[in-house]
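Colleague: Sharing a structure, written as structure tokens. Questions coming.
What follows draws every value from the coordinates through simple rules; no lab data is involved. Given the structure is predicted, the values throughout are model-derived calculations rather than measurements. Ideal geometry is used to build each Cβ from the backbone, glycine not excepted, and the neighbour counts take in all protein chains shown.
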Amino acid sequence: MEKIINFLQSYNEILTGAVLILMSLVLIIFLAGILRQIKRLNRSLGSITENIQAYFDVILQEEEPQQPESSEVQPEPVQSTRKEEENELQAQERIKQEEEVFNAVLQEYFS
């Protein structure tokens with residue numbers, strides 16, 4: 001026991017420096033791993049945002065042709081209200097389906 005105490009007292013400064021260097025190396029290794037994980041998550045997030053943007057682009061392109069033209073001839077009022085109601089129901093159904101698809105896409109990416 002005395003030998004160990006004498007050794008520690010004799011080389012106290014050297015051992016303190018060695019412990020600091022060893023702890024610094026361990027810290028650098030941990031930081032490198034964290035940085036690598038952050039880069040991987042950043043790439044995944046970029047991919048997800050690109051896919052979501054492409055999905056929105058497709059939805060917007062599909063909606064543009066479905067907008068009614070103002071130059072169409074208006075039918076009788078009774079028929080136009082029925083058609084408007086049907087169009088509204090179809091639009092609501094389409095929106096509901098698009099939301100389901102969008103939610104499924106988000107769940108797929110984030111799970």
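Colleague: What FRET efficiency comes out for the pair Glu84/Tyr55, r = Cβ-Cβ distance, R0 = 25 Å, nearest 0.05?
Modeller: Efficiency, rounded to the nearest 0.05: 0.30.
Colleague: So for the chain, Kirkwood radius off the Cα pairs, Stokes-Einstein at 10 °C and 1.306 mPa s: how many µm² s⁻¹?
Modeller: So the translational diffusion coefficient is about 76 µm²/s.
Colleague: Using the Kirkwood radius built from alpha carbon pairs, what does the Stokes-Einstein equation give as D for the stretch 1-45 at 37 °C and 0.692 mPa s, in µm² per second?
Modeller: Value of D from the Cα-based Kirkwood radius: 250 µm²/s.
Colleague: What net charge is computed for the residues neighbouring Val101, neighbours being all others with C-beta under 11 Å from the C-beta of Val101, Lys and Arg scored +1, Asp and Glu -1?
Modeller: The answer is -2.
Colleague: Quick one: if you stick a label point 7 Å off each Cα along the C-beta vector at Glu63 and Glu13, how many nm between them?
Modeller: 7.4 nm
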